[in-house]
Ligand SMILES: Nc1ncnc2c1ncn2[C@@H]1O[C@H](COP(=O)(O)OP(=O)(O)OP(=O)(O)O)[C@@H](O)[C@H]1O
Ligand SMILES: [Mg+2]
């Protein structure tokens, strides 16, 4: 079973804690992504799993084998049944594609026939046949990336550790490669542990993902849909997807949106309405419902009393979507509307237009946590 288990793992450098008491399980055959901001400790965690670092506390298992325990000798990287693609994907510039890919087998002293066969197979897996004799300098960035992937796959590991393997590619290639990684995962039935700060990639390829904060603490683990739809806290909400915030200020028993005089016009959940604190209401662009003030005013069944009033500050046409920036008394919201829908419903706004706004969905966060995401 190609399962990875970390139990209460900690790691410091020069007394500065990078990871503290981290517990995590990656299941067999799963594509698990660790997503977090730059410098939060993702590469450190990957190096601990790979065996290039040892934990100061805690235990790491790969399958049923304990590969590392603080204070004890650990199993070296080449005996952990892993393929690793590092952040800089370091292919050796003086070696051909074939030599690069076959290198791990050469180190393991594989017999020549086996080395030849496995290397050709790995090269075919990443669609690089015919380029075996090229040097990295004669390859595109995406092709070099494939060489690094093939090299990680050549020894037929049951686990792949990928550290930001697509960061140097342009957007199109990145999209193509992420599908290919998914395909390889299924074709080879391997476990993939993928580290990135790119939320789009993480949402697209993960079976499950973990969100790590700047202090190396895991805030939430779940499927991409769970993380996106049910964020555990403000940090997760802000880090994954486009996040809109409205400050909600309490005066007496009334809640006001933004800095202005508009009371929130819809019924509030009791625990939020009664709490003696200020809230931040968060929503995605797709959660915002936008209408013409005149159309909601004259139609009681559209619930005119459920709309806040705002002004279009910016209108951007993105082809398939209209992207509006709306201001409601100091709060700025991005909204996304399908262009066809906007045209057929008289919702093509221009800058300066007044609009009426309500929401499909709002997430409520304690305003005291706002400093976590603005600092
Ligand atoms: N060998 C080391 N010695 C001292 N400090 C280190 C060492 N390796 C990492 N660190 C520190 O640990 C912290 C986490 O680094 P890490 O490389 O894991 O970040 P990351 O999450 O991978 O960031 P990025 O997204 O930029 O790659 C950083 O503050 C880094 O400076
Ligand atoms: Mg890193």
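Sorted from largest to smallest, which semi-axis lengths in Å does the alpha carbon gyration tensor of the range 167-303 give for its equivalent ellipsoid, taking the root of 5 times each eigenvalue?
On the way: eigenvalues 304, 78, 34 Å².
Equivalent ellipsoid of the range 167-303: 39, 20, 13 Å, largest first.
For the chain, modelled as a GNM with alpha-carbon contacts under 10 angstrom, which of 269, 157, 231 fluctuates the most?
For the chain, modelled as a Gaussian network with Cα springs under 10 Å, the answer is 269.
When a/c reaches 1.5 or more, the comparison of a/b and b/c decides; with that in mind, is the range 37-120 rounded, prolate or oblate per its Cα gyration tensor?
Details: a/c = 3.12, a/b = 1.59, b/c = 1.97.
Taking the square roots of the gyration eigenvalues as a ≥ b ≥ c, the range 37-120 is oblate.
Over what distance in Å are the Cα centres of the range 21-46 and the range 55-78 separated?
16 Å
From Cα pairs below 8 angstrom and at least 6 apart in sequence, can you work out the relative contact order of the range 123-264, rounded to a whole percent? Walk me through the numbers before you get to the answer.
Values: 137 pairs, mean separation 18.3, N = 142.
Reported relative contact order: 13 percent.
By count of other Cβ within 10 Å, fewest leading, how are 266, 279, 364 ordered? Walk me through the numbers before you get to the answer.
Working: 266 12, 279 22, 364 16.
Ascending Cβ contact count within 10 Å gives the list 266, 364, 279.
Let me check against my output: what whole-number percent is the relative contact order of the range 242-374, with C-alpha pairs under 8 Å and at least 6 apart?
Once normalised by length, the contact order is 31 percent.
Over the chain, what is the relative contact order in percent, taking alpha-carbon pairs closer than 8 angstrom and at least six residues apart?
On the way: 739 pairs, mean separation 55.7, N = 375.
Contact order relative to length: 15 percent.
So if each residue of separation counts as 0.36 nm, and I subtract the Cα-Cα distance between residue 189 and residue 361, what length gain in nm does that give? Numbers along the way, then the final one.
Working: separation 172, 0.36 × 172 = 61.92 nm, distance 3.79 nm.
Full-extension gain reported as 58.1 nm.
Could you check which residue among 29, 310, 330 shows the biggest mean-square fluctuation in a GNM of the chain with a 10 Å Cα cutoff?
330
Give me the base-10 log of I(q)/I(0) for the range 94-215 at each q in 0.13, 0.16, 0.20, 0.22 Å⁻¹, Debye formula, one uniform scatterer per Cα, rounded to two decimals.
Treating every Cα as an identical point scatterer, log10 I(q)/I(0) equals -0.54, -0.79, -1.15, -1.32.
Stretch residue 27-residue 317 to full length: gain in nm at 0.36 nm per residue minus the Cα-Cα span?
Numbers: separation 290, 0.36 × 290 = 104.40 nm, distance 4.27 nm.
That pair, residue 27 and residue 317, stretches by 100.1 nm at full extension.
What does the helix-only formula give at 222 nm for the chain: each DSSP H stretch with n ≥ 4 adding -39500 (n - 2.57), the total divided by the residues, and the result rounded to the nearest 500 deg cm²/dmol?
Theoretical 222 nm ellipticity from helices: -8000 deg cm²/dmol.
Can you give me the angle between helix 171-188 and the longest principal axis of the chain, using Cα atoms only, in degrees from 0 to 90, rounded to the nearest 10?
60 degrees
Quick check on the exposure proxy: order 225, 44, 154 from fewest to most C-beta atoms within 10 angstrom. Let's see the in-between values first.
On the way: 225 9, 44 18, 154 25.
Fewest to most other Cβ atoms nearby, the residues stand as 225, 44, 154.
For the residue pair residue 88 and residue 214, what label-to-label distance in nm results when each label sits 7 Å from Cα along the Cα-to-beta-carbon direction?
Result for the modelled spin labels: 2.6 nm.
Rounded if a/c is under 1.5, else prolate if a/b is larger than b/c, else oblate: which is the range 233-323, with a ≥ b ≥ c the root eigenvalues of its Cα gyration tensor? Working shown, then result.
On the way: a/c = 2.10, a/b = 1.15, b/c = 1.82.
Oblate, since a/c reaches 1.5 and b/c is not below a/b.
Of 202, 261, 148, which has the largest mean-square fluctuation in a 10 Å C-alpha GNM of the chain?
Ranking 202, 261, 148 by mean-square fluctuation puts 261 first.
Starting with the fewest neighbours, write out 370, 277 ranked by other beta-carbon atoms found within 10 Å of each beta-carbon.
Details: 370 16, 277 10.
Sorted ascending by nearby Cβ count, the order is 277, 370.
Using the Cα gyration tensor of the chain, with a ≥ b ≥ c the square roots of its eigenvalues, what is the shape: rounded (a/c below 1.5), prolate (a/b larger than b/c) or oblate (neither)? Mind dumping the intermediate values first?
Working: a/c = 3.23, a/b = 1.85, b/c = 1.74.
Prolate, since a/c reaches 1.5 and a/b exceeds b/c.
Values in this text are rule-based calculations from the coordinates and carry no lab data. From a predicted model like this one, the values you see are computed outputs, not experimental measurements. Heads up, the Cβs are rebuilt from the backbone with ideal geometry, glycines too, and the neighbour counts pull from every protein chain shown.
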